[in-house]
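The values are calculated or read from the model by the stated rules, or taken from the named source; none is laboratory data. Predicted, not measured: the structure shown is a model, and the values here were computed from it. Methodologically, a virtual Cβ is constructed for each residue, glycine included, from the backbone with ideal geometry; neighbour enumeration extends over all protein chains shown. Protein only, heavy atoms only, side chains kept; ligands, DNA and RNA dropped before computing areas. Shrake-Rupley method; radii C 1.70, N 1.55, O 1.52, S 1.80 Å.
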Amino acid sequence: METLAEAPHSPKPAQENGGYVSVRSRTHPPFSILTSTFLFCAETVAACVMIAEYKRTEDAVWMSLTIVFMLIPSIMVQLTLTFVHRDLGRDRPLVLLMHLLQLGPIIRCVEALIVYCQMGREEEPYVSISRKKHLRGWGVSEEEEREVGHSLRRLATHRNAFKRTAVIQAFLGSTPQLTLQLYICVLQRYVPAARVVLMVMSLASTTYGALVLNVLAIQIKYDDYKVRLTVPAFICIIVWRCLEIATRVTVLVLFCSALKAWVAVVALVNLIALFLLPWIYFWKSGSSLPENVEKNFSWFGTVTVLGTITLLYSAINMFCWSAVQLNLSERDLIDQSQNWGRLSLHYTFRLLENAALILLWYFYKEDGFEYFCSPLLVVQLLVGYCAAISFMLLFYQYFHPCRSLFSHNVSDFILCVCIRKKPAPAYVSGRETDV
């Protein structure tokens with residue numbers, strides 16, 4: 001039996017067993033862990049510099065809010081890493097001390113690097129076998145069987161933990177921080193270099209969190225397949241998410257600067273509606289609460305955990321499309337179907353909402369914007385959001401790693417809309433499409 005130690009030296013299939021191609025286990029460097037740790041540290045350092053600047057200028061309110069948006073996600077990140085690795089029941093005082101000092105991601109990153117560097121040095125028996133389908137061509141797949149050893153499983157645990165922390169850091173910390181700092185810039189009409197750095201790092205962290213959600217949604221939907229995103233696909237997702245989040249935050253900030261009394265209403269309506277939507281679907285399904293959240297949780301504990309997850313879900317969808325859809329009646333709490341209806345409804349509603357909010361700002365804006373070309377800014381924000389939608393359609397049409405498995409693609413949908421009045425079926429790319 002081939003072991004993990006030989007993984008880097010034999011990337012090609014070794015033998016066939018029962019229709020499966022047996023290959024040696026191998027893994028890539030933990031770039032996702034390094035990226036998450038770098039963004040966490042960089043944003044924390046930038047926030048500390050900005051806090052010192054607010055203290056120097058005696059802006060107590062802005063300093064306090066910046067501290068809150070820095071500490072709350074940091075605490076949630078430490079709790080998530082501790083919960084995933086189950087360190088409370090283990091004798092690891094140094095790791096727990098690092099978490100208390102809010103330095104948990106650093107020690108976890110070091111652990112992951114040590115595991116990766118030690119992989120292959122010693123032979124170890126595999127603990128499980130992973131079977132995945134690898135897409136070799138358009139609609140052609142080959143099943144592969146991989147041995148999973150202890151080191152590979154430990155590294156996978158670290159990767160999964162950092163995926164959770166990236167999402168938490170992005171939408172519970174970076175997005176509110178970006179909104180706050182941009183709002184201060186609008187009020188003060190002054191943008192210092194430290195604040196620019198903090199906003200850039202917050203936008204980068206939020207974009208990375210949205211990228212993680214996209215990859216996670218694809219992996220959940222196509223669990224039987226080995227998913228590999230190409231470089232153009234990554235670039236397309238990054239541009240899509242960056243434009244979507246940047247325009248959404250800018251619209252909310254401008255609306256808040258003109259109609260401060262109404263921004264709370266807009267935020268609460270969005271959060272409450274998005275929070276209740278998964279629970280309404282759950283109530284209509286008639287299912288009972290899932291019992292696999294945690295074995296030791298009571299009914300109240302399960303509801304609390306589900307409520308927290310739903311709150312994070314609503315916070316994500318308030319700023320961008322979450323890609324991963326909650327389904328509280330499912331065992332894994334995730335809807336594995338690709339719901340194109342929800343996707344279309346989300347972007348249609350967000351485009352109309354952004355247009356309404358930016359037009360209200362245009363008519364009720366303060367006198368301090370006379371030096372800006374307000375109509376041009378309105379057009380730029382609307383065009384920016386439409387460009388984000390265009391990149392999203394471009395990704396699903398050309399760069400999605402499993403686009404060959406789609407029964408209908410973006411071009412099929414557009415063609416169906418254009419010729420929906422014709423009774424005869426249309427043929428697109430050699431396959432029949434229901435119109």
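Worth a mention:
- Relative packing of 344-352, 66-74, which averages over residues the other C-beta atoms within 10 Å, highest first: 66-74, 344-352
- Other-chain or far-sequence residues with amide H under 5 Å of residue 225's (modelled H): 133
- Approximating the spin labels as points 7 Å out from Cα along Cα→Cβ, the residue 261-to-residue 373 distance works out to 3.4 nm.
- Protection proxy ranking of 209-217, 163-171 - average other beta-carbon atoms within 10 Å, highest first: 163-171, 209-217
- With a Förster radius of 35 Å applied to the C-beta separation of residue 303 and residue 111, the computed FRET efficiency comes to 0.60.
- Amide H contacts under 5 Å for residue 325: 335, restricted to partners 5 or more places along the chain or on a different chain, H placed in the peptide plane at 1.01 Å from N.
- With the simple model of a label 7 Å out from the Cα in the direction of the Cβ, residue 353 to residue 280 spans 1.3 nm.
- Cross-link pairs beyond the 29 Å C-alpha cut-off, checked among 132/284; 163/365; 221/284; 260/284: 132/284; 163/365; 260/284
- Using a probe radius of 1.4 angstrom, the carbon and sulfur fraction of the accessible surface of segment 202-290 is 74%.
- Here residue 160 and residue 364 are evaluated by their C-beta separation; at R0 = 45 Å the FRET efficiency comes out at 0.45.
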